[in-house]
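Novice: Below is one structure. I have some questions about it.
The values are calculated or read from the model by the stated rules, or taken from the named source; none is laboratory data. All figures in this text were calculated on a predicted structure; none of them were measured in a lab. Here the Cβ positions follow ideal geometry from the backbone for every residue, glycine too, while neighbour counts run over all protein chains shown. Only protein heavy atoms, including side chains, enter the accessible area calculation; ligands, DNA and RNA are left aside. Shrake-Rupley method; radii C 1.70, N 1.55, O 1.52, S 1.80 Å.
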Number of protein chains: 4
Amino acid sequence: MNTARPLPSYLVQRYHGWSATTFSENKSWYRRLADEGQRPRSMIISCCDSRVHVTQMFGADQGEIFLHRNIANLVPPFAPDGDYHGTSAAVEYAVTALKVSHLIVLGHSKCGGVKGFHEKCLGNAPELAENTSFVGRWIDILQPGYDRLGGNDADIDDATLEKEGVLVSLENLMTFPFVRDAVESEKLSLHGLWTDIGEGGLEFFNAETGAFEAL
Amino acid sequence: MNTARPLPSYLVQRYHGWSATTFSENKSWYRRLADEGQRPRSMIISCCDSRVHVTQMFGADQGEIFLHRNIANLVPPFAPDGDYHGTSAAVEYAVTALKVSHLIVLGHSKCGGVKGFHEKCLGNAPELAENTSFVGRWIDILQPGYDRLGGNDADIDDATLEKEGVLVSLENLMTFPFVRDAVESEKLSLHGLWTDIGEGGLEFFNAETGAFEAL
Amino acid sequence: MNTARPLPSYLVQRYHGWSATTFSENKSWYRRLADEGQRPRSMIISCCDSRVHVTQMFGADQGEIFLHRNIANLVPPFAPDGDYHGTSAAVEYAVTALKVSHLIVLGHSKCGGVKGFHEKCLGNAPELAENTSFVGRWIDILQPGYDRLGGNDADIDDATLEKEGVLVSLENLMTFPFVRDAVESEKLSLHGLWTDIGEGGLEFFNAETGAFEAL
Amino acid sequence: MNTARPLPSYLVQRYHGWSATTFSENKSWYRRLADEGQRPRSMIISCCDSRVHVTQMFGADQGEIFLHRNIANLVPPFAPDGDYHGTSAAVEYAVTALKVSHLIVLGHSKCGGVKGFHEKCLGNAPELAENTSFVGRWIDILQPGYDRLGGNDADIDDATLEKEGVLVSLENLMTFPFVRDAVESEKLSLHGLWTDIGEGGLEFFNAETGAFEAL
């Protein structure tokens, strides 16, 4: 890998700051976590978006949250075909090996992935319609949610589609036998969230009302 | 989704704490990030492991790091076949849409995914050898690195394999045309890191010496 | 005390969260409690075990419960010998100075202290038999209850011994003259509880049936 | 125990509220904690005072804090004499069995135990001077701190004595060989805190300046 470069200095400096403060204060605990293994209580699936700061929002320190982040916080349907499925692998590891108690899908406002999907459907993003577009194909996971909202015939705002995407991911999670089993035996609970990144709001999906509601 | 449950109270409390402090102090900046869009300087690909606290280690605030996390911080080879490729989609979005300047692969010690791969190769984890194992198939991305180290004939320690996995991911990144183009035109630099989660150490891959070295 | 260190940051962050939310909402009441003094209705004696969350279980806010927590929620017999007796001091303060109305001993399942006592009796924990073992000597308070259940000749399960320990503590409480006086003049009532920390169950000692019964 | 009474209904109702909400939401995690054992990161030694709400202040859920509470948050000196030493047993269990990473002594304003000690020293509380007073003898642990501040010759305010008491407890902790060993091998760190219960403030002892400072 002769193309690799040293870490840029702005990150080197921050790392040394962390090492001298937070790490130093907590090293005995971090060593135990390394020696004894992680036991995270929750898994969160969130977007890669740099404005969604999952660990800060939930005051999470090392060892607390098993965190998978992908474009638009999507979970594809169960498809045990032997191909590479990074999200499915993360869910499988969290549920079957780590036995997390909570599995949370966290959507957010101003999601570029969701917006891109919508633009593609409306014919405004032909590059995302290409079969070779990784982003374009990945966000197709949203299709059932879009259709349910009325598709191109409906006037759908971004937040509505972002929240519907959270529900699609939760539904897809239930297509994994090990998720369904854990939920049905009450070892695991699923949770759907959506955060407004500009206003700092957080809504949860209330299964009783069928709507997202402010916390 | 009648199986979804409200957010557990311990996370509700923490969210309210964040909202009243960190968010409140920074709301004007966070609103601008929401209105004007993210402009992250770096993308980091790290493991989902709860003990790898990427944002804490790099003192990252909202908007700074486009963060993809999957099992064992792996990047599969370029394969534009129209299937769901979550990691490839994240890389594509970061490089072509966000135009990040740095793309960092961050490996770590005590990685359950890397260890699982090793055990599978040695015949100690038959469940991971099943074609239906999502974790098993995902970590097969490590195979070229394992072979290069000598495979089952060699006595390979976990840290060595974890670091080799970082190199495999960096090599796979260069199989993506848009990554290669950005690197060659000096718009993007790649970086390989490995952190010892118990000791808080951080090593980077030095292309000149061909080895990982402490920062 | 040059060995003291600053508070670890994960607790600093949580404190700031509490300060900005719960404290802020209740500050006028908390100020009155500070100015006018506490007037708790109940004292609870529970175990130090991190899994026994007394205030959460009883929805207790500031000012409600005078809370003593020690290993295995034990009360030693009355022994006014001038030595340090932390538990006896706590009981004395609650009953004679604060004049609480209820004094509750709360036992729990999976109690490490009770289990350690049992193992020691069976010869499986020689370190706890040492005269210099603080834990070993402290849990000897359980001895009369163990003997009553049949001692080493009987097949005693942990929950039975945990509950018997609650009764021993209640009996020891009655050896304190100020407790006995308060109980006999109906200013104070004693209560024995046992909680199953895994199932969330709560049982109380029914003096009429002589058994612990589910609430 | 024919003097024991059923749990008062106000606590029964609250328990049922907790059982139907917080417990229900978290039962899978609480079951795991019960089955796999506690792994608390910190031990806190605080006062029994009902106005010091340790778990609320630190947003602690089940399993997080091993909590010992006694009058005036005192730790007596190391005295392995075979007598009952509840506080020493709690410290021994936390450090040697649970191997906590942080041991925190939390003092507070308006502490009745500290005030009682002061009044006794000034001759205003003869009942606390009696050899048979459990509270009186227990708070004598404060004596070295009081002497250091100048004793009866000095004009000492309550907060100063409360903070000095935290230092006495930290010093006494270092007389326990297993505490000293864990501190010296950097497996354990000690922390001194003092909270103003009326204003919600929190100060930590800064060993570099030798003073308590606001967080």
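Novice: Regarding A:SER9, is this residue over 15 Å from B:LEU190 (Cα atoms) and not aliphatic (A, V, I, L, M)?
Specialist: The answer is no for A:SER9.
Novice: Residues of segment C:8-23 being open to solvent by 30 Å² or more (accessible area, probe 1.4 Å) and under 30 Å from C:SER101 (Cα atoms), which ones?
Specialist: The one that is open to solvent by 30 Å² or more (accessible area, probe 1.4 Å) and under 30 Å from C:SER101 (Cα atoms): C:THR22.
Novice: Moving on to the next point. Taking segment A:114-126, which residues are free of Cβ contacts under 8 Å to residues at least 24 places away in the same chain and surrounded by 13 or more Cβ atoms within 10 Å (Cβ to Cβ)?
Specialist: Selection gives A:GLY116, A:GLU119, A:LYS120, A:ALA125.
Novice: Moving to a separate point now. With respect to D:GLU171, determine if the residue is open to solvent by 10 Å² or more (accessible area, probe 1.4 Å), closer than 22 Å to C:SER133 by Cα and touching a residue at least 40 places away in the same chain (Cβ under 8 Å).
Specialist: No; evaluated as a whole, the condition is false for this residue.
Novice: Among the helices (runs of 4 or more DSSP H) confined wholly to segment C:73-150, which include 3 or more residues that are modelled with pLDDT of 95 or more and closer than 28 Å to D:ARG137 by Cβ?
Specialist: Of the helices (runs of 4 or more DSSP H) lying wholly inside segment C:73-150, those with at least 3 residues that are modelled with pLDDT of 95 or more and closer than 28 Å to D:ARG137 by Cβ span C:86-92, C:112-121, C:134-138, C:143-148.
Results for (1) in the same structural domain as C:VAL168 (by TED's automatic domain parsing); (2) open to solvent by 10 Å² or more (accessible area, probe 1.4 Å); (3) of a type in the set (Val, Ile, Thr), shown as yes or no for each residue.
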position: C:LYS27; (1), (2), (3): no, yes, no
position: C:ILE44; (1), (2), (3): yes, no, yes
position: C:ALA89; (1), (2), (3): yes, no, no
position: C:VAL100; (1), (2), (3): yes, no, yes
position: C:CYS111; (1), (2), (3): yes, no, no
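Novice: Among the residues of segment D:1-39 satisfying the criterion of being β-branched (Val, Ile, Thr) and under 19 Å from C:ILE45 (Cα atoms), which is modelled with the highest pLDDT?
Specialist: Once the filter is applied, the top-ranked residue is D:VAL12.
Novice: Within segment A:106-120, is even one residue closer than 22 Å to A:ASN206 by Cβ, more than 7 Å from chain B (Cβ to nearest Cβ) and of a type in the set (Val, Ile, Thr)?
Specialist: Yes, there is a match, as at least one residue in segment A:106-120 is closer than 22 Å to A:ASN206 by Cβ, more than 7 Å from chain B (Cβ to nearest Cβ) and of a type in the set (Val, Ile, Thr).
Novice: With the requirement that a residue be of a type in the set (Asp, Glu) and touching a helix residue (DSSP H, G or I) at 6+ places or on another chain (Cβ under 9 Å), what does segment C:1-38 give you?
Specialist: Residues satisfying the conditions do not exist here.
Novice: Oh, and also: Identify the residue in segment A:149-165 that is within 22 Å of A:ASN73 (Cβ to Cβ) and acidic (Asp, Glu) and, among all such residues, is surrounded by the most Cβ atoms within 10 Å (Cβ to Cβ).
Specialist: Out of the qualifying residues, it is A:GLU162.
Novice: Another one. Which of the residues spanning segment D:176-215 are more than 7 Å from every other protein chain (Cβ to nearest Cβ), surrounded by 14 or more Cβ atoms within 10 Å (Cβ to Cβ), over 30 Å from C:ASP61 (Cβ atoms) and charged (D, E, K, R)?
Specialist: D:ARG180
Novice: Would you check which residues across segment C:58-74 are more than 7 Å from chain D (Cβ to nearest Cβ) and either in contact (Cβ under 8 Å) with a residue 40 or more places away in the chain or buried (at least 23 other Cβ atoms within 10 Å of the Cβ) (or both) and list them?
Specialist: C:ALA72, C:ASN73, C:LEU74
Novice: Any idea which residue in segment D:1-57 is farthest from the other protein chains (Cβ to nearest Cβ), counting only those that are in contact (Cβ under 8 Å) with a residue 60 or more places away in the chain and assigned to a loop (DSSP other than H, G, I, E, B)?
Specialist: Result: D:VAL52.
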